[in-house]
Structure formats: C-alpha cells, structure tokens
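These notes are about the structure you will find just below.
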Amino acid sequence: MFIDGRNVPDGTTVETDLAIIGAGAAGISIARELAGSGISIALIESGGFEFDADTQALYEGEMAGVEYPMASSRLRYFGGTTNHWGGWTRPLEPMDFEERDWVPHSGWPITRALLDPYYERAADVCQLRSTAFDDASAWAEGGEPLPLAGDEVMTRFFIYSPPTRFGKKYRPDIEAAKNVACYLNSNVMEIVPTENGARVERLRLGTLSGVRFEVKPKVCILAAGAIENARILLYSNSIEPAGLGNRNGNVGRFFMEHPHIPSPATFLVTDPEQVARFYRTYTKLDNSVVRGCFLFTPDYLRRTRRLGTVLTFGMSYAVTDATGSEEGQRDPAAWVQPLVLKLARDTTAAPVAAGGELGWRLGVGCASEQQPNPASRITLSDDKDPLGLPRTRLAWRLRKADADSLRGNLEALARAFGAWGEGRVRILFPERDEWTEAEGWGNHHLGTTRMASDPKKGVVDADCAVHGMSNLFIAGSSLYPTGGTVNPTLTLVALALRLADHLKSRFEQGAFI
C-alpha cells in the first residue's frame, strides 16, 4: 500500500521489521523480493508518483571539482532515476572484481562468480529477453563480429531493457503487497543510532509540508543512490560526529563516474557492409534489442596495466578525400595522427561520390573506467535545504592515469582495426597532463560507501552491512569499489537481490529479534 507522508499525523511512530530508504531500482527490487515474506516493510520515498520541482530541488548542491550536473543527473520520485535511464545493461567483467596491483584501492570482497546467479534474476527484473552478452552466435542474424587483428580487443554486447521504469512497472506489486507500506513525500532527516552507535534505533522523517514522524525498524537499508547515501550517513551525526559508518573516514570518498567522450576517434572503412548492423545502431534481433561494443581483453589490460574502456560506433558519413577533413588535406598518414575533426551527425551514410571514393567514416563514443580516488568525494556543504539539512558538496576528480589509459586503449583499437586491413583510424582524444574538465559523463554515480572486508578500506562488508553496525545495510552503486566500464543498473539490481536473500535468511534465523 501507499501512504502519503503529508497525511501522517505529526509525531507518529511507525514500528516495522525493515525500513528501506529510497524507492529506486535497488529499493523497489528488495521490497518486491520480500513481498509476502511476513517481514513488515516501510519503503520510504522522498517524492511522489510524478516529478515535483520542489522535491527535485533537494538534490541541488555545491560543486568543488570537475563541473557536474549533480541535480539533473538523478530523479527524486517513485522509481528514482529509472524514470529516465536509457536501458543499457551488461554485467561487470570478472576482472572488474579482482584486485589489480596497478589500480590503487581496487578489489571487491566478492567475485563475479558469486554474483552470476543474481545477474540472471536481475535480467528478469530489468525485462531482458536474453543474457547472451558475450555470445556473438546468438546475434548472427545481425552480422558477424569484425575480424580485428591481435588479442587486445574483443566484441561484446549490450542488451537493452525496454527500459524498465521501475516506478510504473512495479507500482502494482508494491501496492498489492500486504506487508509493504510505501511512504511517499517522506524524507529521512536522520538515521538515529543507539548511544554506542552500534545499531539503528529510529529514523526521523519529515515532509516539505512540515509533518514530522518517526520509523523504528529492526533493520534498515539505505538505498538512495551513491550521492544521497553518503549525504544521509554524513548528516546523521547526532551520536557519531563524523556521521554513521564513518569512523575510518571513508564515507563519501571514492566517488566515481564513467567519463564519456563523444568523439575520441573516427574510423574510416572501405565497405560499410563489412560492419555488422549491431555495431552501428540499436538492433532488434530475436526479440531483443542489442548493440555490439568493443572491450579490451583481460590479458591486454594486465600486460599494459590499464583501466578498462568500452567503445561503440556512432555517427557516420561518406569520405571523399584522404584525410576526411573539410579542408581536403591529402596526407593519408593523417589517419593515424591526433587531429581534431568536426563530425557530421548523419545517422546513416550515403554512397561515396564517384571519382574520390575512400570509404565511410564511423564516429565512436566511449565510456571509460576511472581509477578509485579518495580525493574524489562527497562532503556536506554549509548551505541548508528547505528541511534544514546540509546540502551536498561534490568534488569529482579525475587523474592523468584515467586519461592515459583511455588514450592507450584507443591506440590499441586503432592497431587492431588498422591491421585488419579494411580501415584506418584517427585518434582525436589528445594526450594530457591533467584532466580537469569532463567532455561527458554517464550519469552513473559510483562508490562513496564502498565494499571492503577491512573496515579501514571501506564502509560496508561483503554482505553490504555497515562496518561496526549490526542492522544497517546499504544497497546500490555506492557499494562499488571499482566502477568497471559499463552501465551500473544491472549490477546494482543483482546486488540488491543478493541482499534481499541475505536478510530474508537472517530474519528466518531470528537474527534481528
């Protein structure tokens, strides 16, 4: 059932087995998994069923690093940011979970193999009709992978969710669940622990209309997104001055994104028919919509000590001179030099004019892995929101190593493409001494409450429990110790389903009585 927090009598105390803070992909997935379980659940959502400007404005904050759209990159109403996500899904690579000695602060306390069964279930939640992310034979109707030379680059696939709007798709499930009460328009003003800080005692809630009430849970899950998760822990400081879970100073640190470069390179191919259509656009095959992409092999990444990158073909148009530039330069060697071009934005290409045929140009887009950086972080601003709570201060910071890896990976793709013999590559992403401005981003908020077995290295353990607290858990992409290269939704849903199973088992064992 749904309850509008604005209609709750002031001063009310709600007792429940489980409180879930945030009704986005993670929170809704957990509530659905536990529907009908006998565990009473209070699902707490800041917004209503539709976008509201005043509620959305609670996301506004202060920037201290790379400029970033902190408010507009997420949505604050039932369904969360799935209300505008693009539906790109793919699991993280097994290597993404490993400790890599060339990537400081890398390594998850769980493996990809442990998460694989939950990826299968997450695919169902995200309405995928296939999980053939790595099997080109499943998409043979759309063409064959490019026969790129060498062992550095591999073709893999994104499979698209419709995209699932969790708020609309799963609203009937939440409404029908007799053990779930979803409190709308209700903001968590503090997670209040016991005097020794070892357990969550109660949640203080407030509405923008002025209502104040409390929820007293046996267990609490914080699932409000990577930025807000850190903010809520930091301002829950009435008992723990540095904030909950922050005795080692890790809350809010290691904020990561996927830097997106709209045109890091252009590719010239002699015959567009050699490029399978699943590379060039969203392609419906066997009732799924897929997109071919390029990833880098684990052996290559280990050998070169680089971070990951994923690349997809994008814009394309015909080329009739050797450089492909509007100025008509004639030096074929320019196709391996880092010259910047202005790309046409045709989504389809036309035949090349007679007398000057060279091929088709394919634009490339990419998302790149960011090295975990403790200085890239969420802290609290001195400014207050209308609830009287400190606003967020975000210092997103990129390193030269991030740029160097991307540049090196582009060179590897250029080698593989050029040695194939049917194309040339021009790299447009320049070498740089520092990376202080992002050309683009994925609206992917990662890190800030990272998983680690050692409390000194993270905020939660392998079971997503906050170190030093017996009944506070965290869900969502704030858990990620490293970000990989692909969109985070499928993985965060898989992690949420795993947490739901863990808590259901613990409740059955009487652990939270």
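The values are calculated or read from the model by the stated rules, or taken from the named source; none is laboratory data. Computed from a prediction, not measured in an experiment: that's the story for all the values here. Every residue, glycine among them, receives a Cβ derived from its backbone with ideal geometry; neighbour counts consider all protein chains shown. Please note that ligands, DNA and RNA were not included when accessible areas were found on the heavy atoms of the full protein model with its side chains. Shrake-Rupley method; radii C 1.70, N 1.55, O 1.52, S 1.80 Å.
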- [ ] Could you let me know the centre-to-centre spacing of the range 57-126 and the range 487-505, using Cα atoms, in angstrom?
- [x] 12 Å
- [ ] Work out how much length Trp420 to Thr13 would gain on full extension: take 0.36 nm times their residue separation and subtract the Cα-Cα distance, in nm to one decimal.
- [x] 139.7 nm
Open item on the list: Tell me the angle of helix 400-420 to the major Cα principal axis of the chain, expressed in degrees between 0 and 90 and rounded to the nearest ten.
Closed with: 40 degrees
Task: Rel. contact order, % - alpha carbon contacts under 8 angstrom, at least six apart, the range 406-494 - done: 20 percent
Open item on the list: Can you tell me the length gained on complete extension of the stretch Phe49 to Lys178, counting 0.36 nm per residue apart and subtracting the Cα distance?
Closed with: 44.5 nm
Open item on the list: Give me the net charge for the shell around Glu431: Cβ to Cβ below 10 angstrom, other residues only, Lys and Arg +1, Asp and Glu -1.
Closed with: +1
- [ ] Please calculate how many Å² of accessible area the chain carries per residue, with a 1.4 Å probe and no DNA, RNA or ligand atoms counted.
- [x] 39 Å²
- [ ] Subtracting the Cα-Cα distance from 0.36 nm times the residue separation, let me have the gained length for Ala462 to Glu120 in nm, one decimal.
- [x] 121.1 nm
- [ ] Set the Förster distance to 30 Å, then compute FRET efficiency between His84 and Ile239 from the Cβ-Cβ distance, nearest 0.05.
- [x] 0.25
Open item on the list: Once R0 is set to 45 Å, what does the formula 1/(1 + (r/R0)^6) return for the Cβ-Cβ distance between Asp4 and Thr111, expressed as a FRET efficiency to the nearest 0.05?
Closed with: 0.55
Task: Virtual spin-label span in nm between Lys384 and Asp404, 7 Å along Cα→Cβ - done: 4.6 nm
TODO: Report the GluC sites (Glu not before Pro) located in the range 46-113 that are in a DSSP loop and have at most 13 other Cβ atoms inside 10 Å of their Cβ, or state none.
DONE: Glu50, Glu67, Glu99
TODO: Would you please state which residues of the range 76-92 a label at Gln127 would reach in this model, taking the label point 7 Å out along Cα→Cβ and a backbone N cut-off of under 16 Å?
DONE: 79-89
Task: Of all accessible heavy-atom area on the chain, the percent that carbon and sulfur account for (1.4 Å) - done: 46 percent
TODO: Would you kindly derive the ³J(HN,Hα) couplings of the range 362-372 from the backbone phi angles with the Karplus curve 6.51 cos²θ - 1.76 cosθ + 1.60 (θ = phi - 60°), listing them in order in whole Hz, with x for Gly and Pro?
DONE: 10, x, 10, x, 8, 10, 10, 6, 10, 5, x
Task: Inter-probe distance in nm under a simple model that places probes 7 Å from Cα toward Cβ, at Glu144 and Arg212 - done: 7.1 nm
